[in-house]
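A.B. asks: Would you mind keeping the following structure in view while I ask a few things?
The values are calculated or read from the model by the stated rules, or taken from the named source; none is laboratory data. The structure displayed is predicted, hence computed values, not measured ones. Because the Cβ atoms are built from the backbone with ideal geometry, glycine has one as well, and the counts that use them run over all protein chains shown.
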Amino acid sequence: MKVLQTGTLLFVVLAIVGGLNAQGDLSPPSGPPGPVMKSLDEVEPRIQISEAPFTITESGSYYFTQNVTGSEGQNGITIAEGVDNVTIDLMGYSLQGVEGSLHGIASADRWGTNDNVSIRNGGISGFAGDGIELAYFGRGRIIEEMVISENGGHGIGWLRQGVVRSCIISGNGGSGIRLQSSVVVETCTIADNRSTGVFGGTGNLIVNCIVTDNGSGISLGVENQVIDCVSRGNGNGIRVSTGSRVSGSTASDNDAYGILVSGPGGIPGTPPHGQRAVVVDSIADGNRGAGIAVRRIAARVESNHVSRNEVGIKAESMRNLIVRNSAVGNTDANYEIVEGNEVGPIGTMAEVGEHPWANFSIGVPEEEQ
């Protein structure tokens, strides 16, 4: 038995010694250790911006190292004509205008291009012109996580083919955002701008935005969508035209219409055949004009709730489809609809409750009784 124990012990000692020898030389090399990671400039070569005016003359990634103040008669940052593929990261710093300064960040040629420009993560305020004004014909713009405020012109001027995301745009002398076409505006707060909160042309998408206390709220042309937005305390709340859709949105306490669907012109009572715009699953409350109004266009108005407006739902043109809405306590009328429309029966739950297309009317003014 002792022989076995001694043999076992000898085997363990030899195994340990052999394992240590297999590790090689464990002594550290002489001298300071060399770098094992790439620097930030090697990973993403970037150019510093530490003063204004600053002109970007080549493609690349630019970043702020401190707060920057503009100069009289100059843009804060100018992107030279023909320079594409530019990223400007404010790194949480601000670009501050002074009296007589021009735009915050702008293209050198307003009618040029400057494609693929991204601006993010900082503030622009106090410029006499727009906070951001990129070339009119450029494409591929992303503006995100910016606070653009108290500029004399628009917060963002005439954007095309891009995205505005997670921005606060407030107190500007023009519109909050001016859109041309094919722009997504998402999760933004747009407030206290002297003109329109969001003003746009064709084919834009406005989603999950709060638009409040502007001269007018959201005002768009043809083929736009407004989804899950709040427009409150403006002139008109939401205005769209042919081929547009408003859904899941709330328009409240606006000085004129809550939601207005309006055609481009022509005779008010005779729009083209077919419902060419949609207002669905939305709320209009406490507006001084109609909660939902349709003029010079044929629209589908379905499953909305209108309350405390001057008129609940008002159709000034023919060929509209108006079904499954509820209207409560509007001061002049719950429904004001001209002849020539397709309208589900209007009444209380007791009167029309079993009809699948019923429009409910509660708290009817005396003249409607």
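A.B. asks: Taking the conditions exactly as written (assigned to a loop (DSSP other than H, G, I, E, B) and either without any contact (Cβ under 8 Å) to a residue 12 or more places away in the chain or in contact with a Phe, Trp or Tyr (Cβ under 8 Å, 6 or more places away or on another chain) (or both)), does Gly153 satisfy them or not?
C.D. replies: yes
A.B. asks: Does segment 160-169 contain at least one residue that is assigned to a loop (DSSP other than H, G, I, E, B), at pLDDT 95 or above and within 19 Å of Arg239 (Cβ to Cβ)?
C.D. replies: no
A.B. asks: State the number of residues belonging to segment 246-258 that are buried (at least 21 other Cβ atoms within 10 Å of the Cβ) and either among the aromatic types (Phe, Trp, Tyr) or within 12 Å of Asp281 (Cβ to Cβ) (or both).
C.D. replies: So the count comes out to 3.
A.B. asks: Which count do you get for residues in segment 204-226 that are in a loop (DSSP other than H, G, I, E, B), farther than 15 Å from Val278 by Cα and more than 13 Å from the chain's Cα centre (by Cα)?
C.D. replies: 3
A.B. asks: Filtering segment 193-203 down to residues that are touching a strand residue (DSSP E or B) at 6+ places or on another chain (Cβ under 8 Å) and assigned to a loop (DSSP other than H, G, I, E, B), which residue is farthest from Ile297 (Cα to Cα)?
C.D. replies: Selected residue: Asn193.
A.B. asks: Restricting the search to segment 69-82, which residues are among the hydrophobic types (A, V, I, L, M, F, W, C) and under 26 Å from the mean Cα position of the chain (by Cα)? Walk me through it before giving the result.
C.D. replies: Residues of segment 69-82 that are among the hydrophobic types (A, V, I, L, M, F, W, C), as a first pass: 77, 79-80.
The answer is Ile77, Ile79.
A.B. asks: Okay, moving on. Given the conditions (1) under 27 Å from Gly235 (Cα atoms); (2) in contact with a Lys or Arg (Cβ under 9 Å, 6 or more places away or on another chain); (3) outside any strand (DSSP E or B); (4) modelled with pLDDT of 95 or more, report the number of the one that Lys314 does not fulfil.
C.D. replies: Every listed condition holds for Lys314 apart from (3).
A.B. asks: Quick check, is Arg110 surrounded by fewer than 17 Cβ atoms within 10 Å (Cβ to Cβ), at pLDDT below 95 and among the charged types (D, E, K, R)?
C.D. replies: Taking the combined requirement at face value, the residue satisfies it.
A.B. asks: Also: Keeping to segment 180-192, report how many residues are assigned to a strand (DSSP E or B) and either closer than 16 Å to Gly155 by Cβ or among the hydroxyl-bearing types (Ser, Thr, Tyr) (or both).
C.D. replies: The number of residues fulfilling the criteria is 7.
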